[in-house]
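In what follows, a structure is listed as structure tokens, so that the remarks can point back to it.
Where a number appears in this text, it was derived from the coordinates with a stated rule and is not lab data. Everything quoted here is computed from the prediction, not taken from an experiment.
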Amino acid sequence: MTITYELGHSLYVNITNRCSNDCRFCVRNENSTVNGTDNLWLEREPDVSEIIEDIKKRDLKNYRELVFCGFGEPTYRFFEIIEVAKTVKKMLDIPIRINTNGHGNRINGEDITPYMKGLIDTVSVSLNAVSHEKYNEICQPMFEDAYEELLDFSQKASHYTNVILSIVDILPPEEIEICQKIADSIGVKLRVRHYIES
Ligand code: SF4
């Protein structure tokens, strides 16, 4: 079962296959891997000690960043992430990022963002769309106000960590401009990623 995997210069951590979205473009719809090697479908969710043991098998000095991402929405396991981050930061002060759909507060039933302070260096939130309607059409979330939720989460998280809203460059330029305004309005950065077809 793949808990950690390499992608670029980063070490990624795969801890859940649960997700509150069912994105039409999700890589999981057609693939079992993102790096061409490791199958990211989990037999079961690893516990904190298993995650730490798997990370310890790697030499963290070889990586620029530790990223909680994988095949699912990592904030389903947010408090496990925090436990792992505390241990990792004692081992080495490597930057830690969470890639998320921004639904973590709804998923956990509380504002989880203050727990990130001093442990999570960056949160990358997938914005994906310029509006509630477009988001619901593309991402098919479990709850109706998921778009508003991710923006609220991003704004709250920005008090405790570096927040980046991300979109892919297949959006038309006028929509990218709107996304930039949305990011500006809540005081976070926008990153336009290059779209890679799965
Ligand atoms: S939020 Fe991510 S993991 Fe979840 S369905 Fe969308 S692309 Fe897939």
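Some points to look at:
- Cross-link table 86/156; 156/189; 61/156; 61/189; 86/181; 56/156, entries beyond 23 Å C-alpha to C-alpha: 61/156; 61/189; 86/181; 56/156
- Scattering from segment 99-178 was approximated by placing one identical point on each alpha carbon and applying the Debye formula without solvent; log10 I(q)/I(0) at 0.23, 0.25 1/Å stands at -1.08, -1.21.
- Segment 25-86 - Rg and Dmax from Cα coordinates, angstrom: 12.7, 35
- Extension gain, residue 32 back to residue 90 (0.36 nm per residue minus Cα-Cα distance, nm): 17.6 nm
- Values of log10 I(q)/I(0) for segment 4-193 across q = 0.11, 0.15, 0.18 Å⁻¹ run -0.47, -0.90, -1.31, by the Debye formula with one identical scatterer at each alpha carbon and no solvent.
- Interatomic Cα distance distribution for segment 12-56, bins of 10 angstrom, percent: 23, 51, 24, 2
- Available extension along the chain between residue 61 and residue 192 is 44.4 nm, counting 0.36 nm per residue and deducting the alpha carbon span.
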